[in-house]
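Here's the structure, in structure tokens; my notes come after.
Nothing in this text is a laboratory measurement; each read-out follows from the coordinates by a stated rule. Keep in mind that what you see is a predicted model, and the values were worked out from it rather than measured. Here the Cβ is made from the backbone with ideal geometry for all residues, glycine too, and neighbour counts use every protein chain on show.
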Amino acid sequence: MAAQPEPSLILSFEDARHLVEEHAARLRPRGKELVELLDSAGQVLAEPVAADRNLPSFPRATRDGYAVRAADLAQLPARLEVIGDIKAGVAPSEVPVKLEAGQAAGIMTGAPAPPGADAVVMVEYTSRAGNTVEIAKGIAAGDNIVPAGAEARRGARLLAPGMRLDYAAVAVAASVGRSHLLVYAKPQVAVLATGDEVVDIDALPGPNQIRNSNTYSLAAQVVAAGGEPVPLPIAPDEPGRLRELITDGLEADLLLLAGGVSMGKYDLVEQVLAELQAEFFFTGVQIQPGRPLVFGRVPSDRDRDASGTAGGGPGATYFFGLPGNPVSTMVCFELFARPVLEALAGMAPRKLRFLRAQLKAELNTKTGLKRFLPAILSGEFEQAEVELAPWQGSGDIAATARANCYLVVAPDRERIAAGEWVPVLLR
Ligand code: AMP
Ligand code: MG
């Protein structure tokens, strides 16, 4: 007898999310590879990156002006003798040996401050005549000079493994001379759309058929989350073929199914997964869109790489059975599948982050479910405003494409007044 999923495994949004995070925390990526720095953006760093020397390596002027001893500017205006001009990139031999009392040196942003100088006066407050500079404004010691090593000491860790490389991280790697970086191999994520009514996008749909959008939206989400999508052929609502395709999908590091799951009864997808000895962690979540949502893992004895911990741990592959309605598929991926994928990609865990925006128009809804409704965030500068994108329910892809965020409504809210600050999940 095949195991059957517990029909009562319906969780609140928070419980389901925590459960997914707990499982994700135990997952490890498949392997590492060396990539060129120029190709590294968006990849997950698999090694620490350290400062190869003090940053800055010399006391660096942050303004164009005059390097001075701040104490010389106690009486204003001050007249100082200019003993040289220091450009960025000068040889150490061209930097004055020492600035004595009553002396200044012209200096450019990025140039080394000479010994003895403790501040740089901006050129705007100075006037120069020959070898004399007159300074009209006082300054505190330390101003406009970054001391050597103040940003980082040689050997200090600047980037930690598990971070996704963005442009700032790439800048750090470049600044310490790393032309190549070790990153984690991207997880392979099988994507399986199901449904007799669903046809390939190259085929002409019959009158009661729909084109397969879920495979494509999921593939795009997988890429954005740092994985490599492996799209499978559309599975019909027929157990034999479905089982073949699910078995193929379980060869990947993670399997995403769309459609064929529904709450309260054992839909085909759950049935086939149960036959494959799946362990179900939940079969529904109290959210809209997307109530039927299945999370579990299937044991497998396929060979693993040396680390032996890819996929769902030694010998198991995680899967999500996402609801087939396209907006539900998208939202459920972001809320639940993404943390598992990110963990397989080697990313350090991170919490879902919400921002707040002012609701533009009163909102009335039913209680009982936590809602993530496609919405439009607008407003300039700090005045974030949000309004629902008018939609025809969780099949309305066009409305979702016009939206740019999800407005989050707590399950106990029936009415939210215009002007209230509400949580928003960015897309
Ligand atoms: P299901 O979860 O299988 O009951 O699917 C719910 C609804 O989602 C179906 O009636 C379809 O209209 C739609 N749907 C299912 N799969 C897809 C897909 N791959 N692409 C677009 N829409 C889909
Ligand atoms: Mg279906």
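Please give the charge dipole size of segment 126-203, origin at the Cα centre, charges +1 on K and R Cβ atoms and -1 on D and E Cβ atoms. Round to the nearest 20 debye. The partial results should precede the final answer.
Details: 8 positive and 8 negative charges, 186 e Å.
Around 900 debye, computed over segment 126-203.
Taking a ≥ b ≥ c as the square roots of the eigenvalues of the alpha carbon gyration tensor, segment 352-421 is oblate, as a/c is not under 1.5 and a/b does not beat b/c.
Would you please classify the overall shape of segment 365-404 from the alpha carbon gyration tensor, given that a ≥ b ≥ c denote the square roots of the eigenvalues, rounded means a/c under 1.5, and beyond that prolate means a/b larger than b/c while oblate covers the rest? Walk me through the numbers before you get to the answer.
Details: a/c = 3.22, a/b = 1.41, b/c = 2.29.
Oblate, because a/c is 1.5 or more while a/b does not exceed b/c.
At an R0 of 25 angstrom, the distance between the Cβ atoms of L19 and T367 translates into a FRET efficiency of 0.60. For segment 395-410 versus segment 170-193, the spacing of their alpha-carbon centroids is 30 Å. Alpha carbon centre of segment 75-142 versus segment 8-41: separation in Å? What the calculation gives is 53 Å, centre to centre. Both the radius of gyration and Dmax for the chain are 29.8, 97 Å, in that order, over alpha-carbon atoms. Within the chain, DSSP assigns beta bridges of which about 65% are antiparallel (rounded to the nearest 5).
For the chain, the number of Lys pairs with C-alpha atoms closer than 26 Å, counting only pairs eight or more positions apart or on separate chains, is 10. Using 0.36 nm per residue and subtracting the Cα-Cα separation, the extra length available between E33 and A74 on full extension is 8.9 nm. For segment 38-87, a Kirkwood radius taken over Cα pairs fed into Stokes-Einstein (37 °C, viscosity 0.692 mPa s) yields D = 208 µm²/s.
Shape class of segment 107-221 from the Cα gyration tensor (axes a ≥ b ≥ c, square roots of the eigenvalues): prolate, since a/c reaches 1.5 or more and a/b is larger than b/c. A convex hull fitted to the Cα coordinates of segment 84-148 yields 92 cubic angstrom per residue. Here the chain is treated with +1 on each Lys and Arg Cβ and -1 on each Asp and Glu Cβ, and its dipole about the Cα centre works out to around 1000 debye. Packing order of peptides 190-198, 36-44, 78-86, 222-230, highest average first: 190-198, 222-230, 78-86, 36-44 (average count of other Cβ atoms within 10 Å over each peptide's residues).
How do the peptides 112-118, 70-76 rank, highest first, by the average count of neighbouring beta carbon atoms within 10 Å per residue?
Numbers: 112-118: 20.4, 70-76: 13.6.
Taking the mean over residues of other Cβ atoms within 10 Å, the ranking is 112-118, 70-76.
Working note: 222 nm ellipticity from helices only, DSSP H runs with n ≥ 4, each -39,500 (n - 2.57), summed and divided by the residues of the chain, gives -5000 deg cm²/dmol to the nearest 500.
I need the peptides 322-329, 414-421, 233-240 ranked by packing, meaning the mean over residues of other C-beta atoms within 10 angstrom, with the highest value on top. Walk me through the intermediate numbers first.
Values: 322-329: 25.8, 414-421: 12.1, 233-240: 16.4.
Result, highest mean first: 322-329, 233-240, 414-421.
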